[in-house]
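Asker: Please see the structure below; I have some questions.
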C-alpha cells in the first residue's frame, strides 16, 4: 500500500496498514538544537526518510518572512509583528479597522501556496499533484491558514469583529462575501488541479472554549464553510479542517459544514472527550501536545500519552492520524522519545 493509498484509506475508514504520522520541526527548534536534533532524526528513518545530516546551514539560517523579528505588511494590508525568530507573529495593524476603508478594498490575487507548486502558478500545482500521485504520495493542497474567520479578525481586529457579530452591520456581510468568493476561486482551482484532500486551517478556539458560541458560529461561519466545501464534496474530495484551541462544542457545526477530517489539539480538548464527540464521526488527525507533555514531560510520559491516544481514538478501520509541531524548549531526548513512540504505535491496529 503506497502512502497515498494508506492516507486515503485512513480518512475513509477503509482499513489502512498504519497510522499516518507527521512530525513538523519548526525553524525555532532547528535553530535551538542544531546538530543535537540531527542526531535524533537519523535514528528515525521511518519518519524522516529523506533526511541527511548537514542539510541545514545553521549559521546562515533564513527564516520565513512571518518568522523574522520585526514588522511586515502582508498582501492583504495587515501588519504582522514578530517577537521571536522562528515563531509566527500576530497581526497588530488592521486595514479595515474603519469600515470606510472597505470602499475600494480589493483582495490580493488568489495565488497557490508556493510549497505546492512546481515551476510556479496553478499549472505548477497540477504538475506537483501529478508527480505526488505518480510517486505514491497524497496530493494535498488548500486554503491559506486563516482563510475566513481569522482573516475577518486580521482585517477588522478582534474586538471590532466581536462587536460586528452583535451589531451585524451591512459592511460585515459585504466583507464576508468578498472573502468567500476569494476562497471559492482557490477551491475550484485546486479541484481542477487534481487535489486528493482539500486542506484548510483556522484557529477557532481559546485555551478553554471556542472563540464564539456555537450559535454564532452557525450564523456567520458554517454557511460560508458549507458553500466553500460543497464543490469538494460533490467531487468526492475529503475536506480537512485544522483548528488550534478548544473546539469540542463546534463539532456539530463542523459536521454540518461538510468536513471529513478534523485536526484538533489533544490536551486542550481532552483525548477522552474527543473520543465521545468525534470518534467515528470524523477522521481525527490528532495534534499531539506541545504545551506540557512533549516539552516538559519524561520520555515515559510521552510514550504513555501516545499509547493512550492510539488506544482511545484509533481503530482497525482507520480514522486516526497523528501529527506534532515541536517547539523549544523541548530537549532532544523528548523529541527522540516522541518519534520512538510514533514508530512503535503507528502499526498498533495491525500488530
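Laboratory data are not the source of any read-out in this text; all were calculated from the coordinates shown. These numbers come from a predicted model, not from an experiment. A quick note on method: Cβ atoms are made from the backbone with ideal geometry, for glycine too, and the neighbour counts reach across all protein chains shown.
Asker: So if R0 is 25 Å, what FRET efficiency would residue 296 and residue 72 give, r being the distance between their Cβ atoms, rounded to the nearest 0.05? Each step should come with its number before you reach the end.
Answerer: Details: r = 32 Å, r/R0 = 1.28.
For R0 = 25 Å, the calculated efficiency reads 0.20.
Asker: Hey, fewest Cβ within 10 Å first, where do 183, 315 land in order?
Answerer: Numbers: 183 24, 315 13.
By the 10 Å Cβ count, ascending: 315, 183.
Asker: What full-extension length gain, to one decimal in nm, is calculated for residue 90 and residue 131 as 0.36 nm per residue of separation minus the Cα-Cα distance?
Answerer: Working: separation 41, 0.36 × 41 = 14.76 nm, distance 3.50 nm.
Extra length from residue 90 to residue 131 when fully extended: 11.3 nm.
Asker: Another question, if that's okay. Sequence gap at least 6, Cα distance under 8 Å: using those rules, report the relative contact order of region 44-174 to the nearest whole percent.
Answerer: On the way: 125 pairs, mean separation 21.4, N = 131.
Relative contact order for region 44-174 comes out at 16 percent.
Asker: How far is helix 332-345 tilted off the main Cα axis of the chain, in degrees rounded to 10, range 0 to 90?
Answerer: 80
Asker: Can you tell which of 46, 302, 19 shows the greatest fluctuation in a Gaussian network model of the chain with Cα springs below 10 Å?
Answerer: 46
Asker: Could I ask something else about it? What does the convex hull of the alpha-carbon atoms of region 219-302 project to on average, in nm²?
Answerer: 6.2
Asker: Here's another thing I want to ask about it. Which whole-number percentage describes the relative contact order of region 3-350, with Cα contacts under 8 Å and a sequence gap of 6 or more? Kindly include the intermediate steps, with their values, before the conclusion.
Answerer: Working: 606 pairs, mean separation 73.8, N = 348.
Relative contact order, region 3-350: 21 percent.
Asker: Under the rule of -39500 (n - 2.57) per DSSP H run of 4 or more residues, summed and divided by the residues of the chain, what mean residue ellipticity at 222 nm is obtained, to the nearest 500 deg cm²/dmol? Present the calculation step by step, with values, prior to reporting the outcome.
Answerer: On the way: 15 runs with 150 residues, N = 351.
Rounded to the nearest 500, the figure is -12500 deg cm²/dmol.
Asker: How far is helix 170-193 tilted, in degrees, relative to the longest principal axis of the Cα atoms in the chain, given as a value from 0 to 90 rounded to the nearest 10?
Answerer: With rounding to tens, the tilt is 40 degrees.
Asker: Relative to the longest principal Cα axis of the chain, at what angle does helix 158-167 sit, 0 to 90 degrees, rounded to 10?
Answerer: Around 50 degrees separate the two axes.
Asker: Further question on the same structure: What distance in nm lies between label points placed 7 Å from Cα along the C-beta direction at residue 218 and residue 163?
Answerer: Here the modelled spin labels are 2.8 nm apart.
Asker: Still on this model: Report the residue, chosen from 261, 239, 91, that carries the largest GNM mean-square fluctuation when the chain is represented by alpha-carbon nodes joined by springs under 10 Å.
Answerer: It is 91.
Asker: Can you give the extra length, in nm with one decimal, that the chain gains between residue 252 and residue 12 once fully stretched, where that is 0.36 nm per residue apart less the Cα-Cα distance? Could you put the intermediate results ahead of the total?
Answerer: Working: separation 240, 0.36 × 240 = 86.40 nm, distance 1.92 nm.
Once the chain is fully extended between residue 252 and residue 12, it gains 84.5 nm.
Asker: Running a GNM on the chain with Cα contacts under 10 Å, which residue among 60, 43, 226 ends up with the highest mean-square fluctuation?
Answerer: Looking only at 60, 43, 226, the largest GNM fluctuation is found for 60.
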